[in-house]
Structures are given as C-alpha cells and as structure tokens.
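The values are calculated or read from the model by the stated rules, or taken from the named source; none is laboratory data. All values reported here derive from a predicted model rather than from experimental measurement. With ideal geometry, Cβ positions are generated from the backbone for all residues, glycine too; neighbour counts draw on all protein chains shown.
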C-alpha cells in the first residue's frame, strides 16, 4: 500500500496539471484538436489509477476541456468518485466538475444521493457548502424529494454560511418537488427575521421569487416586508422587496404609496449623481424636483434640496429661491427650516455668486431671512451681508439703506434676541452702516438708533461693533453738519454721544468698555474744540479714512520687488565650503563636477507662468492620484462697467421690513424679468440691424429662441479679482503626488553617482553586525524592441559570507502596461545556485513579491550560493510576467544574464603598511603583473577608479607609485603595486590564489580599456 | 432550433439568472455557469450564438439586448466579456451590478485580475462565483464574506493537501 502511494506521487510529478494543460493548449494553436485528444488519452490513463490525487487532477482537467466544448460525459462515474473523496481538496474539484457536467439526464446522479446526504451532514461547514453549491446546479426531482428534509434541517444550522445556502437552494427544491413547499414554508418565513443579514436577504430573494409566481398566497407577508423595507440598509434587498411589492400591488393597492416613496428617494439620489455629469438633463426636471419639496417625507425634501443646489443657473435662481422662501415660511420652527436657510445661502453664494445677477435682490433675501425666529444661522446671514457689501461696490448704497432700516427696527428682532442667533445680523448691519456711512440718507437717525439703551442687552461683541461704528457715524454726521452755518447741530450731536456712551463704559464686556471710554474721551475733546468754533470734522474723519478694498488671494505676487532688493543675497555669511566637504568625505573618489551655482531666481514672466501652469494641468490630468477639479467655475471679470450701466431700481425704502403681504424680493423677480426682456429686445434690435445689413448677402437666420446662460448679463459685478481658483488647490496636492521628471528638484551631481563600496559595506555591517562584507555593482540594461515594457535591471550583489551572495534586482516598468505575476528564474550552474524555498524543485522560479504599475520600480533580493569564487561566472535567467493592458493581457518573458565577476567577490578592506609589508614578505603569495598602455588620467583618478570599481583600498602612496590591498570573501589576500610613468601604468600583483588574481587583473584591464 | 427554444421556454420561468458566460474578444469561452439544466448540445448552441451576437455589437451600444425570450446583459472588462441571461421580469441594472460585483471579487482575490488569471485558475473563478451566486440568485452581497469563505476553503484545501502528501 505504501509503495502504491509513493508510486502514485511519483507518477503525479510527471503528470500534467491543469496549468500545464492550459499552457499546452495555448502552445498548440495549430493542432489543438490533436493535442487535446492525446491529453484525453492521458487523462483516461490517469483515471484508471487508484491514487485519488491523480484522479482529481484528471477530473479538473476534464472540467476545463468540457468548457472548451469536449464531451466528457464518459467520465461521469469518475467525477462521482472524486466527489466522494474524504479530502476537501478533491471533494471541491469533484463537485465543481459535477456542477459543470451533470444535467438531469446524467444517470449516475442517482448514485450520488447518499454521498450528498453524508456531505450535507458533515461537521465541516465547507464540505456542506460545496455539496449545497453543487446540488444547486444539478438537483433533479428525485434528489429534491430525497434530500428536501436534510436541506430543511440545514436552514436552522448554527452557521449563517450554511443557513444562507440552504435557504436559497430550497427554492430550487420547491421547483423540482413542489410538495416540499408547504412543510418548509414556516421555517422559510422565520428566516426573514434571521439575525444574519445574508440569510435574511436569501430568504427575501426566495420568497420574492415565489411570490412573483403566485402573489395571492404571500399577501399576508406584506407587513413583514414593509418592516424590512424600512429597516434594511441593503440595497439589493430593497430592490427585491420593491419588485415583490410590484407583484403584490395589483392585489393590494395601498402598497403603492410605500413603494412610490422609496422609488422617489432613489430617483432623487440617482438624479444628484447624474447632475454631476449631465446638469442639463436634470435641469429640465426642475418643476418635478420643486414638487418634491412639498413631500411629507423630510428625507425626500432634503434630497431634493441637495439637487436644487446643483441645478441653479442665472436664469432660474430667483425662481428657485422664491419657491424656497415660501417653504421657509411654512416650515416654521423645524430643523428643516434651518437646513432650508443654509441651502438658500449656499445656492446663492456658490462659485463666487456666479448665478446672482441682481445683488439688490440678494440683499433683500438676506433681510427677509432675518425675520426667521429661532434660527441658529444668524452669523451665516451676517457674513453674507458683509461679504456682498464689501465686494459689490455698486450695491453699497442699497445695502446701507437696508441695514439702517434693520438697525432702526432692531427692537423687532430683539424680542427674543438673546435666545436666537439672529441678532448676529445686527453685527453686520452696524458695521456696514458705519463703514459706508457716506451712503446713508439720514445718518443722524441711524446714529441715534445705534445708541439706544436697549443695545446694551446685546451680546458683547455686537455692542463693541456698535460703539466703534457709532464713532464712524459720528464723524460722518459732523462732516455734514459743519458746513451749515448753525454750529449748534454739530454740538448737539456731540452731546448725544456724550450722553449715551457712558452706558457702554459701564459694560461688563472688556472690549465694549475699552472702546466706549476711549471714544467718549475723544468726543469730549471734540466738543471742547467745537465750543471754540474750531473746524474739526476733517480731522475726525481722518480717523476712519481709507477705503476698505477686497484683496485677491494672490495679490502679493502683483507687488513689484523694490529696486535694489536682492531676495537671493545671503543675509548672513553663507556656510563655509569645508563644512559641506565634511558631509561628503567620499566625494573625492567620485568625479567631481563643478558645483552648480544656486539657480538664480529669475524674474518669471507671464509667458513662463502660463507655460508652467499648462504643464502642471497636463500633469494633473495624467496623474491618476490627482482627482480632477470640477470644470472650473472661473469667471472672467471684465472691468466693472460704470455704475450708470446698472439699471437703477427705485423702491420705496421706508417700508420694506413691514410689508405684510408680498415679500419685497419678489419685486426683483419681476424687475429682473423686465430687465431681461429689455435686453433681449435690444439684442433683437441689434440683430435685426445686422440682418438688414446682411440682407444683401445670405441672410442667415439667427436663433432668437430661449436665451442661453451667457446672454444674461449680471446687473452687478462681484468686485474681486480671483486668479484661477483651481490653482490654489495644487499646493496641497503636491504632497501626495510623486514628482514628475520636469518637477524634480535639482540634485547635486555627486549624489547621483553610485554609493561607494565602503559606504555600502559599512551600512551592511551596522545592520547585520558581521565583520566584513563585500558589495558588488553590476549594471545591466535590457531592452525589448517594443517600447512598452522596457525594464532596467540594476543588479547589486552583497556577499554575505564565504558562499552566499545576495543579489538585489531593481525592476523598473518603463512601459505603460501593468506588469504582474513576475517569476524570476535562473539556470543554476554547478558552482552557483539560486536559493529556492524548501520543497521547490531545482528549476522552479521565484515569485517576485510585488506587481508593477507603469513607471514604478521596486527592488527584490535573491540569494545565491557560490562554491568557488576564483572564476567569474555568468548565469542565464528568465523573467516571466503578465503584461496587462486596457484590453488584453499577455504572458511574456525576458531573458537576462547575471554576471558574477571575480571583483565582485572582493571586499574593500583597509590594511596598514606594516601588515602589508609582512604579507608580502611571507612568501605565500604568488605574483603576476599587467601593463596598461595609453591611460590618460591623473594618478589619483586612476587609484580612485581601482578603489571604486574593484574594491581596493590604498595602503600607501608615494609620488606616482601606490600599494593597494583587498580581500576576497573567502579570505584571499590581493596586493597591488601600481606605478605610472607617462601613459603607461604597470601593476605588479600578488595573491595566494593565482587564478583569482589573473581574473581580477583581467577585469582591471577591462575597466581601463573602456575609458 | 425549435427544441432548444422550447427547452428554454420551459425552464426560463425557474430562476433569476439563467446562465453566465465569460468569453474573450476572440470568442473563446473562459467560464460558463448554467443555472438551468440543459444538455451539452444545447449549451454549445446557445453559447455559439450568443458569443457571435455580443461580439458583433459596437462598443458604444448599450449593455442589454433581447435575445429569444430572454434578456442578455453583458459588459466588457478589458479583453473579457461577462454575459448573463435573465428573464424578462428581471432587472437589467441589478444584473449589471452582479456582474460588476463578481469582477470586483475576482479582482480582490487575484489582485488586479486579468484574463490569464481566469484561464489558469478557472476552478478558483468558479469557486468564487459559487460563493457569490447560488442557483442564479445572489447569495451573499458582502464582498468581505465571500472572500472570507473562499480563503477559508482554500486554507482547508491546503491543509488536506499537505496531509495527503505526508
């Protein structure tokens, strides 16, 4: 018996496995049929053997052939045999083969009943699992009848993995053996509430399918499903349930409502996804989405709001906001209303107020929003007011008038001001009125409003703004009053300040107190001067002189560098040269290149900037790590058209807050409409003119249909120059993105030269704590004719001990395809062998433990065992890999050679001159010499070259003569005496191993012949 | 043709997905899973016809087509076509989602899956499909769970393999 197993496994080694078969078929494209028929013969032989592993392998191959269209029905019995194996490995293959090859008329299926029953009750859940999976494919009415009970039991298995499969397969059983449905149904229903979501969804699936066939019987389950629908987060299940309801609704119309709901929600969700890519197509459904705002379901309303945000355009902004304002009124006292408020502001302010054509309208909207009680978003409204007032110059007069009214009516807000955040608005109002007080119609009235005693109940930071801006107003009022002949008015104003300010001086808030007392003293002094009839207004105004202008984020760039300022000059003494030499002691061996002078900061002209920007955009577009910004919402701001171009809207400003019926922002909608109509009319006129002019020609008809976005010229311009918004982002992106070639920082040249061997060895030592090591550098570049998968192998060998060599290979994918499944293999020689993991054969390749996306390089290390080091060696090897493209993948290979030179077995070892002399005296070393002709380089360069390339160290140097030493990894001493005269270099060498010495000298000669 | 037609009509009321086929751009079948029991001859005939029909379609055409009285949902991933047949009441989009989920599973399991992975490890591809779909219905919607089950079964396979060698 033991012999049989041994024989079996030996046989197996020579059998083809599935991979071999697949490979074989691919290699025999011309005579595939013939090849396969020999394979089938082999398989037949394999099936005759007793060894189950061989049989399973054969069955696995048959399954593959079956897919290719070959008849394998003759092996049905063997498949059953493999299914019956006690080993999971074979059982799994057997069941797979059965599920692929068996069908209802396969007669051996009868034989499987008991085996399947045994597997179903196996203690191993995976045995049960494969049996269930297999059964789902080839269940016959007989099997269904015989096994229905077993499967039903499995529906209550402890493992959800089994329960889930059992539930699903019950459906197949019901179809084949309908009698089983009645007894199994209660248990199936139970599974709808299974704690495991997988089982639950399986049960939903089965019942949905059953219900589709006979809805009437399942109507009683509707409440249960409804519960599931509202609680389940699994989209797959939701879809199934909706489908089920679809089947049930003809019988129970009430279900429609709940379905509609879910569908509506999903629809809105889907629309918001579509919106990102195809905004136009969604915009046409605006009315439908606005209707959703009336929905009873808050989650649907919120979804609709999200959608609206993306849908607005210049054309429909007013209309949408008007609709939203109506909802704000309806939604009193809910969090939904707060949500509405923020959405309105979001919608209006998005992309730098891109969609707002009339800012007066927007200010009125903001003012209307202040009437909301109990909102948390007062500061949001306030910041919008400030932003608009500062940035849109043309709107200031209007804004100031509105704010003055707001301040005047502050008591309307203050009723429950402390509680709600709306009083924040007063902060903005006070500031705007103060800062732009020159626009006020009646500054005195506003000043009076700002100094009312009730103000003291406001939060501290608002009071502070009140006080400060009262001073600004005061200055303005003075200015207007001083021109009058009657100076008492001005003095009365001062008196008002002096009367009211003490209230704020007593404030508990430090800021308020400080400002108030400061201003109070100032006003007192002013009053003193006034009494002496001194003209003071000019000076008081100087306190607040200067216009506040918005500043673009990149304004600094526009400031020219003052003449005579050299930003690149050192402020302190530059660090001394010697310091940098200390850092790089090895630099003397490398060819020194003239140090780059610091790149001078050149004046970057516009062209250059534009070019760089373009390059960066290109680079971002090609970089997969960079998530592209949405199409930039840049706006080209023309020079502000003079104020006279803006249609001035005359509105009675004395009432706006108190208008009970029609909110005033509505007026703008109408006005805007009129304005546009006028514009359109003008345009048409122009067109007509043009047409008239053209009439002599072809007279092409202009499309005067619905106006496009571009046609709508804004009534006001946002007055700020924002330079290309997307560019700002690139700053933080750079941190994540690997630098492109063009962006790489200049590296000092000696950094680029390979590390010197000694350095390399030292770091190795430190890491491994072993006496001495040796490192080799070999560079090999392989090219394939095709550009797409060029790779560079940079092979660096580190010799660990007397017989082990570590070769580091850097794989670099220079093509644009993805490389994977790389296998590195070397044809061993008697002397050098690639170390492979235990258990693998002498010709197996090693898997490279990574995959290579295009442009990526990575390093892998391979250990070789070397016996004799006295001769150089070349090992042939192959790298196989899969090249994956957009639409294809190919298996390719690359041949390479690994060159183990004798030099690579040498380790740079320092040696003192006395020890060196002793070595030479001992007489154990055999000599050899070599002459190099025509070497045209300084002697120290020559020595550096030998040191660097051949791992020697200089023992002593006298004029044009030097002694050098190195040691092999197996302890051979190598001594050199190098002399130079003119262009001739002679090297006398001694070593205890003449062959090694000969080879090393040859390699040195080779080095110098190359230069 | 008539018999095949009748056969499908008989069975097509039986489950969500009828079958799934994976084939290459060259029309080579890479994987087939039948959830309706048909004879080999019929399977071959259907496969041949479908592969031709699908390959003849232009890349910009939609992923659905009506074929006999079934709906065919297909999608091309790199060089491979994934093609499913469903009955007329079934949802095409969820089928597309099933295809995509299966591709995701393959991708996770093989690590950036490609056609060769499926050719050389076709049994694994089947095992994954069997954990994901059972009898034409999605049995597990969680990717994590599917892969966990496969990994554990693989582990079991290795253990029993080692035992066998000893």
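Things worth noting here:
- Residue-level analysis places residue A:22 among those that are within 14 Å of chain B (Cβ to nearest Cβ), at pLDDT below 90, closer than 22 Å to residue B:30 by Cα and in contact with a helix residue (DSSP H, G or I) (Cβ under 9 Å, 6 or more places away or on another chain).
- Here the helices (runs of 4 or more DSSP H) wholly within the stretch B:56-166 that include at least 2 residues being farther than 23 Å from residue A:125 by Cβ and away from chain A (no Cβ under 13 Å) are B:92-110.
- Residue list for the stretch A:820-879, filter: part of a loop (DSSP other than H, G, I, E, B), under 31 Å from the mean Cα position of the chain (by Cα) and within 14 Å of another protein chain (Cβ to nearest Cβ): A:848, A:849, A:850, A:851, A:853, A:854, A:856
- Positions within the stretch A:208-221 being over 41 Å from the mean Cα position of the chain (by Cα) and buried (at least 20 other Cβ atoms within 10 Å of the Cβ), in sequence order: A:210, A:211, A:218
- Of the helices (runs of 4 or more DSSP H) lying entirely inside the stretch A:110-203, those containing at least 2 residues that are within 43 Å of the chain's Cα centre (by Cα) and within 11 Å of another protein chain (Cβ to nearest Cβ) span A:125-138, A:160-176.
- Residues of the stretch A:880-894 satisfying the condition of being assigned to a strand (DSSP E or B) and in contact (Cβ under 8 Å) with a residue 60 or more places away in the chain: A:881, A:882, A:883, A:884, A:892, A:894
- Single residue of the stretch A:881-904 satisfying the filter (within 7 Å of chain B (Cβ to nearest Cβ) and surrounded by 19 or more Cβ atoms within 10 Å (Cβ to Cβ)) that is farthest from residue A:806 (Cα to Cα): A:889
- When residues in the stretch A:51-89 are screened for being crowded, with 22+ Cβ neighbours inside 10 Å and either more than 8 Å from chain B (Cβ to nearest Cβ) or touching a residue at least 60 places away in the same chain (Cβ under 8 Å) (or both), 13 of them pass.
- The single condition among (1) buried (at least 19 other Cβ atoms within 10 Å of the Cβ); (2) modelled with pLDDT of 80 or more that residue A:316 does not meet is (1).
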